[in-house]
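I have placed the structure first, in the form of structure tokens, so that the comments after it can refer back to it.
The values are calculated or read from the model by the stated rules, or taken from the named source; none is laboratory data. Everything numeric in this text was worked out from a predicted model, so none of it was measured. Glycine gets a Cβ as well: all are built from the backbone with ideal geometry, and neighbour counts include every protein chain shown. When the accessible area is computed, the model is the full protein with side chains, heavy atoms only, and any ligands, DNA or RNA have been set aside. Shrake-Rupley method; radii C 1.70, N 1.55, O 1.52, S 1.80 Å.
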Amino acid sequence: MLDAIQRQLLEEIAGLHKVPEGAYNIRANGATDSRKTTAHIDIVSKTDKSGIDIRIQDGTRGESVHIPVVLSESGLSETVYNDFYIGRDCDVTIVAGCGISNCGKQDSEHDGVHRFFIGENSRVRYVEKHYGTGDGEGKRILNPVTEVYQEKNSYAELEMTQIKGVDSTVRTTVAELAEGAQLIVKEALMTHGSQKAASIYTVHLNGEGSRTDVVSRSVARGDSAQSFEAAVIGNTRCRGHAECDAIIMDRARVIAVPRLEANHVDAQLIHEAAIGKIAGEQLIKLMSLGLTEAEAEEQIISGFLR
Amino acid sequence: MLELQHVSYRVREDQEDLTIIDDLDLTVEDGKFLVVTGPNGGGKSTLARLIMGIRPVTGGKILLNGEDITHLSVTERARRGISFAFQQPVRFKGIRVIDLLRLAVGHPVSVAVACGYLSRVGLCAKDYIYREVNDSLSGGELKRIEIATVLARGTACSLFDEPEAGIDIWSFQNLIKVFESIRETSRGTVMIISHQERILSIADEIVVIDGGKVVRQGPRDEVLPEILGTSSAQNAACSRLEQEG
Ligand SMILES: Nc1ncnc2c1ncn2[C@@H]1O[C@H](COP(=O)(O)OP(=O)(O)OP(=O)(O)O)[C@@H](O)[C@H]1O
Ligand SMILES: [Mg+2]
């Protein structure tokens, strides 16, 4: 049974007040808390290492899988391997996320390695939210690795959000797309205090007509540091777009490193990066509606990261 | 009532003192519909920014209903009942039209109420209410949303800087209706900066600003014929050129 802190974490990362509909696997402090499978979605624990295999049958449509992880013990460190095998012609939503509450002295760390094997013509929406809380000296560390292998004409949308409380994060995402496949990534990131965050994306457009759109929106406040690296590799006729848009505040630092690699004459690749502080006229407009400067700032940031 | 007493705005640029607003006096009575006009670069937008508090005056006083607001922040002036529709509205990534209208009203109103403001400025509400106020909006659409935020605030003193700019002629007529209805419903003050005869022609009072000074102020029936008859705005600009040349 989850305790109050764990339930609160669960609500933050997955918007869950009670057990979710559909299949789920809830992991708390390094062990499975509860699990449910459905007629089309099976979840089994790995035997060789920590983690689960999620198998979604061909033609599964309109179903969801929740696999939240909560850590409320200080000093816990784990690496978990979750593999998603998604059949053909599926349309599913996968909600993952990790919440760490560290009130102790020791660091807590969760490194989730997620691999997605997406079958032909399938659509997958993946929503991942990371959140940290607790006032201990121990750091809250999350290093997620996401690998996406997309078969012909599949579509994947990854929404990854980390807004609060994670001290150190390196998120690595690698994707390989076959013919006609499409990958959309929307990342929203905010760092504050002395937090550090790095995002590294590598998308291989291997199949004819494959497409990707990687968009990162981030806000760096306080003394925090962020870096965003996006590599889009076009090996055939394809389209790739990567965008990094950052608001920088206080004494923060932001690095954006674009990398486009075209290995084919019909690879169309674009990269856009912009880093800047909040525009003064945006603050003034909202202040002229009666908001204080701090309220205006919060509205601008929360809109930007929406 | 809004009163400007000996208001000046000077800036230093390239080791030269520029006087943009020059010892300007202006009183706008409650319930008055005032249109400010004059040549480009005359100081109209600067004056509106001084009233809203976006720029600090370098001399003189601004009073709102007798209270000295000269040193109040933009936020404080807004809360005392001043609103301002910018000449060039600001765009925001991620903030939607509904969010902006709710911020303007000051409390979370229903979608239906928010849509009402959009309809008044001639935007089909359902197409716009959930759109972001970002680069994807056209200039005219953005301008109307800007006007809607001022309508939504419903304050006693509303400033509009060239509200007609970029708005197509079919919608222009409706915009005039919007201002007429503001005049009927608000017992407050409406100040519109405009170069449009049709907006000038619904004013109670017209103020002509040139070279940072009020060069003419009076009832519409007196001032408008002078401006149209002598094309004074043009002449004012030419006379300045002549002086400079
Ligand atoms: N901060 C500043 N520094 C230097 N010059 C300024 C500054 N602010 C305004 N000006 C100048 O003051 C003059 C008045 O500008 P303002 O925008 O108020 O004119 P306006 O009457 O609104 O003109 P328009 O009809 O073209 O909108 C212009 O010549 C402008 O370049
Ligand atoms: Mg102007």
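Go through segment A:182-257 and name the GluC sites (Glu not before Pro) that are in a DSSP coil and have 16 or fewer other Cβ atoms within 10 Å of their Cβ. If you can, show how the numbers build up before the last one.
On the way: sites: A:GLU187, A:GLU208, A:GLU229, A:GLU243; in loops: A:GLU208.
Taking segment A:182-257 and a limit of 16 other Cβ atoms within 10 Å, the loop GluC sites (Glu not before Pro) found are A:GLU208.
Take every DSSP beta bridge whose two residues both sit in chain B, then give the antiparallel share in percent to the nearest 5. Mind showing how you got there, number by number?
On the way: 23 of 40 bridges.
Of all bridge pairs located within chain B, approximately 60 percent are antiparallel.
How big is the antiparallel share of DSSP beta bridges in the protein assembly as shown, given as a percent to the nearest 5?
Working: 33 of 186 bridges.
Counting only bridges with both partners in the protein assembly as shown, antiparallel ones make up about 20 percent.
What is chain A's relative contact order, in percent, from Cα pairs under 8 angstrom and six or more apart in sequence?
Working: 945 pairs, mean separation 30.8, N = 306.
Worked out over chain A, it gives 10 percent.
Calculate the radius of gyration of the Cα atoms of the protein assembly as shown to one decimal place, then report Dmax, the largest Cα-Cα distance, as a whole number, both in Å.
Considering the protein assembly as shown through its Cα atoms, Rg and Dmax are 29.2, 92 Å.
Can you check what the net charge comes to around A:LYS18, using other residues whose Cβ is under 14 Å from the Cβ of A:LYS18 (Lys, Arg +1; Asp, Glu -1)?
On the way: positive: A:ARG7, A:LYS36; negative: A:GLU11, A:GLU21, A:ASP33.
With Lys, Arg at +1 and Asp, Glu at -1, the neighbours total -1.
Assuming a ≥ b ≥ c are the square roots of the Cα gyration tensor eigenvalues, decide whether chain A counts as rounded (a/c under 1.5), prolate (otherwise, with a/b larger than b/c) or oblate.
It is oblate, given that a/c is not under 1.5 and a/b is not larger than b/c.
Per DSSP H run of at least 4 residues, take -39500 (n - 2.57); add these up for the protein assembly as shown, divide by its residues and hand me the 222 nm value, nearest 500 deg cm²/dmol. Write down the numbers at each step before the final one.
On the way: 13 runs with 129 residues, N = 551.
About -7000 deg cm²/dmol.
Counting partner chain Cβ atoms within 10 Å of every residue's Cβ in A:271-284, what's the average? Could the numbers behind the result be given before it?
On the way: counts 0, 0, 0, 0, 0, 0, 0, 0, 3, 2, 6, 6, 2, 9.
Whole-number average of other-chain Cβ neighbours for A:271-284 is 2.
Take the alpha carbon atoms of segment A:41-90, find their center, do the same for segment A:241-292, and report the distance between the two centers in whole angstrom.
33
Keeping all protein chains in place and using 1.4 angstrom, which order do A:TYR85, A:TYR126 fall into by accessible surface area, from largest down?
On the way: A:TYR85 65, A:TYR126 0 Å².
Solvent-accessible surface, decreasing: A:TYR85, A:TYR126.
So who's got an amide H within less than 5 Å of the one on A:ILE270, skipping anything under 5 residues away but keeping other chains? H placed 1.01 Å off N, in plane.
A:GLY240, A:HIS241, A:ALA242
Where Rh is the Kirkwood radius over the Cα pairs of segment B:2-237, the temperature 20 °C and the viscosity 1.002 mPa s, what D in µm²/s does Stokes-Einstein return? Present the calculation step by step, with values, prior to reporting the outcome.
Values: Rh = 18.3 Å.
Translational D for this selection: 117 µm²/s.
Across the residues of B:93-100, average count of Cβ atoms on other protein chains within 10 Å?
That average works out to 5.
How large is ³J(HN,Hα) for each residue in segment B:133-140, as worked out from phi by the Karplus curve 6.51 cos²θ - 1.76 cosθ + 1.60 (θ = phi - 60°), to whole Hz, x for Gly and Pro?
Running phi through 6.51 cos²θ - 1.76 cosθ + 1.60 with θ = phi - 60° gives 7, 10, 4, 6, 7, 6, x, x Hz.
What average count of beta carbons from other chains do you get within 10 Å of the Cβ of residues in B:63-76? Intermediate results must be reported in sequence, preceding the final value.
On the way: counts 0, 0, 0, 0, 0, 0, 0, 0, 0, 0, 3, 12, 12, 3.
That works out to 2 on average.
Sort B:SER83, A:SER168, A:SER302 from largest to smallest accessible area, using a 1.4 Å probe on the heavy atoms of the protein chains. Don't jump to the answer; show the numbers that get you there.
Numbers: B:SER83 0, A:SER168 40, A:SER302 70 Å².
Order by accessible area, largest first: A:SER302, A:SER168, B:SER83.
Too long at a 18 Å Cα-Cα cut-off: which of B:LYS44/B:LYS93; A:LYS49/A:LYS139; A:LYS36/A:LYS164; B:LYS93/B:LYS143; A:LYS49/A:LYS129? Provide the component values of the computation, followed by the final result.
Values: B:LYS44/B:LYS93 29 Å; A:LYS49/A:LYS139 25 Å; A:LYS36/A:LYS164 29 Å; B:LYS93/B:LYS143 16 Å; A:LYS49/A:LYS129 24 Å.
Among B:LYS44/B:LYS93; A:LYS49/A:LYS139; A:LYS36/A:LYS164; B:LYS93/B:LYS143; A:LYS49/A:LYS129, the Cα-Cα distance tops 18 Å for B:LYS44/B:LYS93; A:LYS49/A:LYS139; A:LYS36/A:LYS164; A:LYS49/A:LYS129.
Based on the Cβ-Cβ distance of B:GLU16 and A:ALA279, what FRET efficiency does E = 1/(1 + (r/R0)^6) give at R0 = 35 Å, to the nearest 0.05? Provide the component values of the computation, followed by the final result.
Numbers: r = 28 Å, r/R0 = 0.80.
Once the sixth-power term is evaluated, E becomes 0.80.
Report, by chain and number, residues whose modeled amide H sits under 5 Å from the one on A:ASP91, excluding near sequence neighbours (fewer than 5 apart, same chain).
A:THR60, A:ARG61, A:GLY62, A:GLU63, A:ARG123
Could you go through segment B:152-162 in sequence order and give the Karplus-derived ³J(HN,Hα) for each residue, using 6.51 cos²θ - 1.76 cosθ + 1.60 with θ = phi - 60°, rounded to whole Hz, and x for Gly and Pro?
After applying 6.51 cos²θ - 1.76 cosθ + 1.60, I find 5, 6, x, 7, 6, 10, 10, 10, 10, 9, 6 Hz.
Listed highest first by mean packing, meaning other Cβ atoms within 10 Å per residue, what order do B:13-26, A:46-59, A:140-153 come in?
Descending packing order for the listed peptides: A:140-153, A:46-59, B:13-26.
Go ahead and set up a Gaussian network model of chain A, Cα springs under 10 Å, then flag whichever of A:ASP33, A:ASP91, A:ASP111 fluctuates most.
The residue that fluctuates most here is A:ASP33.
Which of these, B:CYS124, B:CYS115, B:CYS157, has the largest mean-square fluctuation under a Gaussian network model of chain B (Cα springs below 10 Å)?
B:CYS124
Amide H of B:GLY38: which non-local residues (sequence gap of 5 or more, or other chain) have their own amide H closer than 5 Å, using H built in the peptide plane?
B:ILE209
Give the separation of the Cα centroids, segment B:24-65 to segment A:152-191, in Å.
So the separation of the two Cα centres works out to 50 Å.
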